[in-house]
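None of the figures in this text is laboratory data; all of them are computed from the coordinates on show. Model, not experiment: these values are computed from the prediction. We place every Cβ from the backbone using ideal geometry, glycine too, and count neighbours over all the protein chains shown.
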Amino acid sequence: AVLLRAEHLKLFEEICEREKCPAAFLGQVTGDGMLTLEDSRDGTTPYALPLSLVLGDLPPKTFHSSRMPMPLSPLTLPAGLAVGKALERVLRLPAVGSKRYLTNKVDRCVTGLI
């Protein structure tokens, strides 16, 4: 399950279509603490359950985020090597510049061939 803001539904749908990953939009969060099923054909409500029955007594999740400063130093390249040429050398490596390389590696990990 994924919760999305209404303004992001179209983008999410486009991403799912592009990645050939079907998605179904099942409802809206109303904030009333209920899980309600409504029949769009006749407007009836076959059931309405308190979320506490569905989710149990889950403690609320608290996330703490902190950023550690990264000590950065200026880029230094060997004499005569331009940034563009260095980038070309790196991207030429299959492990860096090839989506197929990554896909095959993941496929082998999943099938146990690696």
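How about region 56-89: which of its residues are outside any loop (DSSP other than H, G, I, E, B), aliphatic (A, V, I, L, M) and surrounded by 10 or more Cβ atoms within 10 Å (Cβ to Cβ)?
Across region 56-89, the qualifying residues are Ala86, Leu87.
If the requirement is being under 27 Å from the mean Cα position of the chain (by Cα), among the β-branched types (Val, Ile, Thr) and closer than 30 Å to Thr103 by Cα, which of these qualifies: Val54, Val29, Val2?
Being under 27 Å from the mean Cα position of the chain (by Cα), among the β-branched types (Val, Ile, Thr) and closer than 30 Å to Thr103 by Cα holds for just one of Val54, Val29, Val2, which is Val2.
Just to verify a result, which residue in region 90-104, among those that are in a helix (DSSP H, G or I) and of a type in the set (Ser, Thr, Tyr), is farthest from Glu19 (Cα to Cα)?
Ranking the qualifying residues of region 90-104, first place goes to Tyr101.
May I ask you to list the residues in region 5-26 that are part of a loop (DSSP other than H, G, I, E, B) and within 25 Å of Thr103 (Cα to Cα)?
Glu19, Lys20, Cys21, Pro22, Ala23
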